[in-house]
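Visitor: Here it is: the structure, laid out below.
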Amino acid sequence: QVQLVESGGGLVQAGGSLRLSCAASGSIFSIDDMGWYRQPPGKQRELVAGITSGGGPNYADSVKGRFTISRDNPKKTVYLQMNSLKPDNTSVYSCNFIARSSYAYSGDYWGHGTQVTVSS
């Protein structure tokens, strides 16, 4: 069973920084894409940042230049460095891995989320 656990969320003032982490555990065989999503209150889940197996990043336009996604493959972990935070970044952030739990099975795995709150 593959499980993802996020950490690093919290309450910060506008202009501050947070670093989110998401680590996989369990019977994980390999990881392809990793990503961070958010779900602001009353809205659908949206992609914030993604990173390919080769390390190529992509970002939502609203966070370009402020957020940085990275991955540590031996640790099976993805990070999101969040700088210059704004109140509209407030959301629950969830990580997503497209991964194999065996050579024969590929799945879409989600963490339960970590709250980020940015005060004005």
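Visitor: On the given criteria, is ARG45 of a type in the set (Lys, Arg) and open to solvent by 70 Å² or more (accessible area, probe 1.4 Å)? Talk me through it step by step, then tell me what you get.
Guide: Details: of a type in the set (Lys, Arg): yes; open to solvent by 70 Å² or more (accessible area, probe 1.4 Å): yes.
Yes, satisfied.
Visitor: Please list, ordered by residue number, the strands (runs of 3 or more DSSP E) wholly in region 21-89 having 2 or more residues that are under 19 Å from GLY107 (Cα atoms). If you could, list the steps in order and put the result at the bottom.
Guide: Values: elements: 30-39, 46-51, 57-59, 67-72, 77-82.
In region 21-89, 30-39, 46-51, 77-82 are the strands (runs of 3 or more DSSP E) which contain 2 or more residues that are under 19 Å from GLY107 (Cα atoms).
Visitor: Determine if region 61-71 includes at least one residue that is touching a Cys at 6+ places or on another chain (Cβ under 9 Å) and either among the aromatic types (Phe, Trp, Tyr) or open to solvent by less than 30 Å² (accessible area, probe 1.4 Å) (or both).
Guide: No: zero hits.
Visitor: Right, here's the next one. Has region 9-20 got any residue that is open to solvent by 40 Å² or more (accessible area, probe 1.4 Å) and on the phi > 0 side of the Ramachandran plot?
Guide: There is at least one residue in region 9-20 that is open to solvent by 40 Å² or more (accessible area, probe 1.4 Å) and on the phi > 0 side of the Ramachandran plot.
Visitor: Still on this structure, I have one more. Got a number for residues in region 91-112 being in contact with a strand residue (DSSP E or B) (Cβ under 9 Å, 6 or more places away or on another chain), surrounded by fewer than 19 Cβ atoms within 10 Å (Cβ to Cβ) and either outside any strand (DSSP E or B) or at positive phi (or both)?
Guide: 2
Visitor: A follow-up question, please. Among the residues of region 4-30, how many are within 14 Å of the chain's Cα centre (by Cα) and either of a type in the set (Ser, Thr, Tyr) or farther than 24 Å from SER120 by Cβ (or both)?
Guide: Residues flagged as within 14 Å of the chain's Cα centre (by Cα) and either of a type in the set (Ser, Thr, Tyr) or farther than 24 Å from SER120 by Cβ (or both) within region 4-30 amount to 8.
The values are calculated or read from the model by the stated rules, or taken from the named source; none is laboratory data. On a predicted model such as this, the values are computed, not experimentally measured, just so you know. Using ideal geometry, Cβ is built from the backbone for each residue, glycine included, and neighbour counts are taken over all protein chains shown. These accessible areas exclude ligands, DNA and RNA; they are computed on the full protein's heavy atoms, side chains included. Shrake-Rupley method; radii C 1.70, N 1.55, O 1.52, S 1.80 Å.
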